[in-house]
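One structure is given below, encoded as structure tokens.
The values are calculated or read from the model by the stated rules, or taken from the named source; none is laboratory data. Quick caveat: nothing in here was measured; it's all calculated off a predicted structure. As a convention, Cβ positions derive from the backbone with ideal geometry for all residues, glycine included, and neighbour counts pool all protein chains shown.
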Amino acid sequence: MQQLESLTREAVSLAGGARVIPILTAKEAEVGRQMQICNSCRYCEGFCAVFPAMTRRMEFGKADIHFLANLCHNCGACLHACQYAPPHEFAVNVPKAMAEVRGQTYVDYAWPPALGKLYQRNGLTLSVALAAGLALFLILAVAMKGGLWNTGLGGNFYKLFPHNLLVSLFAPVFLFSAFALAMGVRRFWRDVTPATSGAPLNGPAAAEAADAVLRLKYLGGGHGEGCNNEDDAYSLSRRRCHHLTFYGFMLCFAATSVATLYHYVFGWVAPYELPSLPKLLGVVGGISLMIGTAGLWRLNRKRHPLHGDLAQKPMDLGFIALLFLTSLSGLALWLGRGTPALAVLLCLHLGAVMALFATLPYGKFAHGIFRTASLLRHAIEKRKPNPVGLGAD
Amino acid sequence: MIDVLVVGGGNAALCAALMAREAGASVLLLEAAPRDWRGGNSSHTRNLRCMHDAPQDVLVEAYPEEEYWQDLLKVTGGRTDEHLARLVIRASSNCRDWMRSHGVHFQPPLSGALHVARTNAFFMGGGKALVNAYFRSAERLGVHIRYETPVVSLEMDGDRFVAATTEQGERIAAKSCVLAAGGFESNREWLREAWGQNERGEWPADNFLIRGTRFNQGVLLKHMIAAGADTIGDPSQGHMVAIDARAPLYDGGICTRIDCVSLGVVVNRDAQRFYDEGEDFWPKRYAIWGRLVAQQPGQIGYSIIDQKAVGRFMPPVFTGTTADTLPELAQKLGLDVDTFVQTIADYNSACRVGRFDHTALDDCHTEGLAPAKTHWARPIDTAPFYGYPVKPGITFTYLGLKVDDTTAVRFGGRPSPNLFVAGEMMAGNVLGQGYTAGVGMSIGTAFGRIAGTRAAMAAATAKTDHHATT
């Protein structure tokens, strides 16, 4: 088995001794150790992108490990198929080793770096508490103006929070989140690129990666029957629930974007009612998001204990909870728009959305960004000749 | 009473259980191992050697019956049964749809294994994924499964199976029974006895590693032999390869193999070469090197390569011993420095390098050297140098119960009406010696399915008999 020392030595030799090779962390060294076992076995090559990417390498440096860790979808297939999984003394558990490094990369690549620590504190309690706290704050603000239980709003929440106030609250949070994530993934991309052929992005690679992201190809198990959840059975549940969540989120996002266009371009002011486009998108997206997150929650709770990094469960559940609360409160707001509860519902919804966006760059959402980057690098790299060339012999 | 009792939990046992259940029998499967270690050696396998006359899904070109048979004839040196071998070969051509129906997935050959793209169908995820799929399918179909239930003896009424007794002392009666509990490769005492003491006074088997499960203790095999069942095969024969000497005693599996033999030289403890490392393509020779190393003093060898070989073979799981000079390498490996340097110098000066091509039987060879290296002979002269210690790694033993194409266990030539055997416990009928990749699974699948069907038929007959008499 490869020890940290020899791994570092080999990494140095790989680089011709010229470059300074970053010393691996214990979690990274563990991925390196397991990859050396996997690379001499390779039975799992058909499951996903990680193993074919692995076979292009003889040694695993920091950047290789970061790339592979984010390429792993934690589907669990390789764990259940592994002849070296615990209780075997080799103790190979690729999903867990990868998840632990993945969690570390989120922290390492966070922008600004000081906020990376938030990843460790963004659990379920914090997420819900943040949403509740923000909602309470808004409720108190409205209550002080005496408008909390008001039948005279006629479904128009701009009477409570003027449009410009909402924009000035949400736009900075949203823009900051987007910027922080972009900065993080930019640095990740720069670090990983030299280890993944160094080639620039091209059309076919982008198309292939987009396909893998949008279809969640690697939750299909390689055979299309799905990934593992609580045991060695393959199931499409996770893939489907993730689709409902992802596309639900995108529809809600589209609803907001269309509404913004309506407001600024056409001067059509909310609220919009069915069958207007923003409402259609929002209702369908909201329901989809609710079903998807409820399903993901259930699957997460039933998940085999050896899958992934248990320490990240609070982060997973916190994100799922915020998405669920956002969709639930959004739908409740729509259904309760004509009642005196409008103000409270609005405050709850705005609290949930604000908490969601505020935690976006330092929570589970990051997985989509970093995994997409890794899938892109994989699609680029695989189009280059295999530097190892074992198959030829 | 249950209809069919299956003893064992690997590929052959599962194939038998599934077939018996599909034929309508009630089935109980007893696996000696706990659930985490179920599946025996099947969990370490990766493919099935398949006959096919035209390209078939993951299989390219054709691998006709005759070629398959000739391959088998060659590796066994004629120690095989043509009728049973051809039965296996034909069964391998049409069993995969059935396997798929029980959840097994196939995939194109793994990288680094393209040489078997034509002959072998790979299991997606390997043998453990196959075992998982079969157990899942068996459970769904209503096969009863008990783990940690090794069977130690059978109760017979003449040639007829009556009941099995477990290690815990429980008596389990059934109308018929399939034995598929593996060879005796995990039983180090028995291996020691089978291999005996050599002319150097060593007990060679003491230095063997077991590539697979620790649960194939051969308890039932020994019991059957004592009970007078007809046997076949030599207890010292088995599927044996040279593996990394640092591999664990059990379950090292595929990743401990050393694939760089044909790219360099192999020396023994005395720093002497002992066999033509370049005799043929490595996939055709890997199965003889276990025995070759077993015959060397201390049952150890050292595969030596130089920098030119790096990247041309599957990366080994353990890092090799590295040195910048040959004397330093000898020292690190614990070999006599002068002898080692002389051996390499003799080899290097005997090399006649033509056009090196590892994908063909090239013209790089030695002249005036004994033993010769007939292909891929290039001087070992480019630092860094690497050494990998190798030991014999036994995969499974060939001593088994003699059968005909019904898989019935035989006593003095008479077939039992309701006791059948499959898998490693009878693979010696086809494999008298030698091995070729994926044939173990072909044998297990073919005879496991036959045994399951026969056992279900025997149980149904027993039912009818019972009704006839009441």
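Kindly establish whether B:Gly39 is small (Gly, Ala, Ser), at negative phi and buried (at least 21 other Cβ atoms within 10 Å of the Cβ).
Spelling it out, it is not the case that B:Gly39 is small (Gly, Ala, Ser), at negative phi and buried (at least 21 other Cβ atoms within 10 Å of the Cβ).
Can you spot a residue in the stretch B:103-125 that is surrounded by 23 or more Cβ atoms within 10 Å (Cβ to Cβ), in the same structural domain as B:Thr406 (by TED's automatic domain parsing) and at positive phi? Yes, there is a match, as at least one residue in the stretch B:103-125 is surrounded by 23 or more Cβ atoms within 10 Å (Cβ to Cβ), in the same structural domain as B:Thr406 (by TED's automatic domain parsing) and at positive phi. Inside the stretch A:80-107, residues that are assigned to a helix (DSSP H, G or I) and touching a residue at least 24 places away in the same chain (Cβ under 8 Å) make up a count of 14. The residue list A:Thr245, A:Thr260, A:Thr293 contains one member that is hydroxyl-bearing (Ser, Thr, Tyr), more than 19 Å from the chain's Cα centre (by Cα) and assigned by TED's automatic domain parsing to the domain that holds A:Leu325, which is A:Thr260. Does B:Ala437 count as under 24 Å from the mean Cα position of the chain (by Cα), aliphatic (A, V, I, L, M), under 30 Å from B:Gly218 (Cα atoms) and crowded, with 24+ Cβ neighbours inside 10 Å? It is false that B:Ala437 is under 24 Å from the mean Cα position of the chain (by Cα), aliphatic (A, V, I, L, M), under 30 Å from B:Gly218 (Cα atoms) and crowded, with 24+ Cβ neighbours inside 10 Å.
Among residues that are modelled with pLDDT of 95 or more and surrounded by fewer than 12 Cβ atoms within 10 Å (Cβ to Cβ), A:Ala207 is included. Taken over the stretch B:57-90, the criterion of being of a type in the set (Gly, Ala, Ser) and crowded, with 20+ Cβ neighbours inside 10 Å is satisfied by B:Ala85 alone. Those strands (runs of 3 or more DSSP E) of the stretch B:1-84 in which 1 or more residues are away from chain A (no Cβ under 14 Å), of a type in the set (Ser, Thr, Tyr) and in contact with a strand residue (DSSP E or B) (Cβ under 9 Å, 6 or more places away or on another chain) are absent. Scan (1) β-branched (Val, Ile, Thr); (2) touching a helix residue (DSSP H, G or I) at 6+ places or on another chain (Cβ under 9 Å); (3) surrounded by fewer than 23 Cβ atoms within 10 Å (Cβ to Cβ) for the single condition B:Ile210 breaks and write down its number. With (1) β-branched (Val, Ile, Thr); (2) touching a helix residue (DSSP H, G or I) at 6+ places or on another chain (Cβ under 9 Å); (3) surrounded by fewer than 23 Cβ atoms within 10 Å (Cβ to Cβ) applied to B:Ile210, the lone miss is (3).
Which residue pairs have Cβ atoms closer than 8 Å, lie 6 or more positions apart in sequence or on different chains, and pair a first residue in the stretch B:100-116 that is more than 20 Å from B:Gly311 (Cα to Cα) with a second residue that is assigned to a loop (DSSP other than H, G, I, E, B) and of a type in the set (A, V, I, L, M, F, W, C)? Cβ pairs passing all conditions: B:His105/B:Met124; B:Phe106/B:Val58; B:Phe106/B:Met124; B:Gln107/B:Val58; B:Gln107/B:Met124; B:Pro108/B:Val58; B:Pro108/B:Ala117.
Quick check, is A:Leu342 in contact with a Gly (Cβ under 7 Å, 6 or more places away or on another chain), of a type in the set (A, V, I, L, M) and in contact (Cβ under 8 Å) with a residue 24 or more places away in the chain?
On the way: in contact with a Gly (Cβ under 7 Å, 6 or more places away or on another chain): yes; of a type in the set (A, V, I, L, M): yes; in contact (Cβ under 8 Å) with a residue 24 or more places away in the chain: yes.
When the stated conditions are applied, A:Leu342 passes them.
Which residue out of B:Ala446, B:Ala462, B:Ala408 is touching a Ser or Thr at 6+ places or on another chain (Cβ under 6 Å) and either farther than 30 Å from B:Pro316 by Cα or surrounded by fewer than 23 Cβ atoms within 10 Å (Cβ to Cβ) (or both)?
On the way: B:Ala446 fails: touching a Ser or Thr at 6+ places or on another chain (Cβ under 6 Å); B:Ala462 fails: touching a Ser or Thr at 6+ places or on another chain (Cβ under 6 Å).
Only one candidate qualifies: B:Ala408.
There is no residue in the stretch B:387-405 that is under 21 Å from B:Asp276 (Cβ atoms) and in a loop (DSSP other than H, G, I, E, B).
If I filter the stretch A:215-238 for residues that are in a helix (DSSP H, G or I) and in contact with a strand residue (DSSP E or B) (Cβ under 7 Å, 6 or more places away or on another chain), do I get at least one hit? Yes, the conditions are met somewhere in the stretch A:215-238. Could you go through the stretch B:138-152 and let me know if any residue there is more than 11 Å from every other protein chain (Cβ to nearest Cβ), small (Gly, Ala, Ser), in contact with a helix residue (DSSP H, G or I) (Cβ under 9 Å, 6 or more places away or on another chain) and assigned to a strand (DSSP E or B). The answer is no; no qualifying residue exists. Scan the stretch B:267-317 for residues that are in a loop (DSSP other than H, G, I, E, B), farther than 24 Å from A:Gln36 by Cα, more than 14 Å from chain A (Cβ to nearest Cβ) and not hydrophobic (A, V, I, L, M, F, W, C) and the total you get is 10. The residues in the stretch B:421-433 that are part of a loop (DSSP other than H, G, I, E, B) and buried (at least 23 other Cβ atoms within 10 Å of the Cβ) can be counted, and the count is 4.
Residue check: A:Met54 meets all listed conditions (1) within 11 Å of chain B (Cβ to nearest Cβ); (2) out of contact with any Ser or Thr (no Cβ under 6 Å at 6 or more places or on another chain); (3) at pLDDT below 95 but one, namely (3). The condition (being within 14 Å of chain B (Cβ to nearest Cβ) and not aliphatic (A, V, I, L, M)) is satisfied by just one residue among A:Pro340, A:Pro361, A:Pro385: A:Pro385.
Checked against the criterion of being within 7 Å of chain B (Cβ to nearest Cβ) and within 22 Å of A:Ser235 (Cα to Cα), the candidates A:Cys78, A:Cys44, A:Cys72 yield just one match: A:Cys44.
Return the only residue of B:Ala437, B:Ala372 being part of a loop (DSSP other than H, G, I, E, B) and farther than 30 Å from B:Leu48 by Cα. Quick ask: steps written out before the conclusion?
Numbers: B:Ala437 fails: farther than 30 Å from B:Leu48 by Cα.
Only one candidate passes the filter, namely B:Ala372.
Put simply, of A:Ser327, A:Ser276 the only residue that is outside the structural domain of A:Ala85 (by TED's automatic domain parsing) and touching a residue at least 24 places away in the same chain (Cβ under 8 Å) is A:Ser327.
When B:Thr319 is tested against (1) touching a residue at least 40 places away in the same chain (Cβ under 8 Å); (2) crowded, with 18+ Cβ neighbours inside 10 Å, just one condition goes unmet, and that condition is (1). Checked across the stretch B:170-182, the condition of being free of Cβ contacts under 8 Å to residues at least 24 places away in the same chain and touching a strand residue (DSSP E or B) at 6+ places or on another chain (Cβ under 8 Å) holds for at least one residue. Residues satisfying the criterion are absent from the stretch B:326-345 (criterion: within 14 Å of chain A (Cβ to nearest Cβ) and over 25 Å from B:Thr256 (Cβ atoms)).
For the stretch B:85-118, a residue qualifies if it is touching a helix residue (DSSP H, G or I) at 6+ places or on another chain (Cβ under 7 Å) and in a helix (DSSP H, G or I), and the qualifying residues are B:Ala85, B:Arg86, B:Leu87, B:Val88, B:Ile89, B:Arg90, B:Ala91, B:Ser92, B:Leu114, B:His115, B:Val116. Residues in the stretch B:27-59 that are farther than 25 Å from A:Pro86 by Cβ and among the charged types (D, E, K, R): how many? Final tally of qualifying residues: 3. Considering the stretch B:227-264, and only residues there that are polar (S, T, N, Q) and not in a loop (DSSP other than H, G, I, E, B), the residue that is surrounded by the most Cβ atoms within 10 Å (Cβ to Cβ) turns out to be B:Ser262. One residue alone among A:Ala91, A:Ala99 is small (Gly, Ala, Ser) and in contact with a His (Cβ under 9 Å, 6 or more places away or on another chain), and that residue is A:Ala99.
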